[in-house]
1. Quick one: pull the percent of accessible area on the chain belonging to carbon and sulfur, 1.4 Å probe, ligands and nucleic acids left out.
2. Each residue of the range 13-20 in turn: what ³J(HN,Hα) in whole Hz from Karplus with 6.51, -1.76, 1.60 and θ = phi - 60°, glycine and Pro shown as x?
3. Considering Cα pairs under 8 angstrom that are at least six residues apart, work out the relative contact order of the chain and quote it in whole percent.
4. Between the range 73-90 and the range 1-64, what is the C-alpha centre distance in whole Å?
5. Enumerate the calculated ³J(HN,Hα) couplings along the range 54-61 in order (Karplus 6.51 cos²θ - 1.76 cosθ + 1.60, θ = phi - 60°), each rounded to whole Hz, writing x wherever the residue is Gly or Pro.
6. If you project the alpha carbons of the chain onto the principal axes, what extent comes out on each, in Å, largest first?
7. For the chain, what is the accessible area per residue in Å² when the probe is 1.4 Å?
Amino acid sequence: MDILSMFLLLLATGLGLSGVAGYLIFGPLAYRHLQDRSQTVGANAFAPSYLAYLLKGEFRRHGDRNLNGLATPAQVLLLSAIIGGLGSLTVLWLV
């Protein structure tokens, strides 16, 4: 494994881990905010239906600024976790 592939693996893994860590903060907060408004999606903050709801940005249709403030970082961090995980797998597959 050369230095470039090690750097790319470290970069992708760091992106994925920071996305997961951030989602663990903002994902459940946004889910709980939806529960308080009686608008839950999925069984919990890690259910596939809720993850799809976040990724599609469907939370914006509620017009709730507080929900947007919690769900937008959760959406970005979920995307970074997915991109980081796929990037790490790609680097490992290519090397």
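1. Ligands and nucleic acids excluded, carbon and sulfur reach 69 percent.
2. 5, x, 4, x, 5, 5, x, 5
3. 48
4. Between the Cα centre of the range 73-90 and that of the range 1-64, the gap is 9 Å.
5. 5, 4, 6, x, 5, 5, 5, 6
6. Over the chain, Cα extents along the principal axes are 52, 20, 19 Å.
7. 62
The values are calculated or read from the model by the stated rules, or taken from the named source; none is laboratory data. Please read all numbers here as calculations on a predicted model, not as lab measurements. These accessible areas exclude ligands, DNA and RNA; they are computed on the full protein's heavy atoms, side chains included. Shrake-Rupley method; radii C 1.70, N 1.55, O 1.52, S 1.80 Å.
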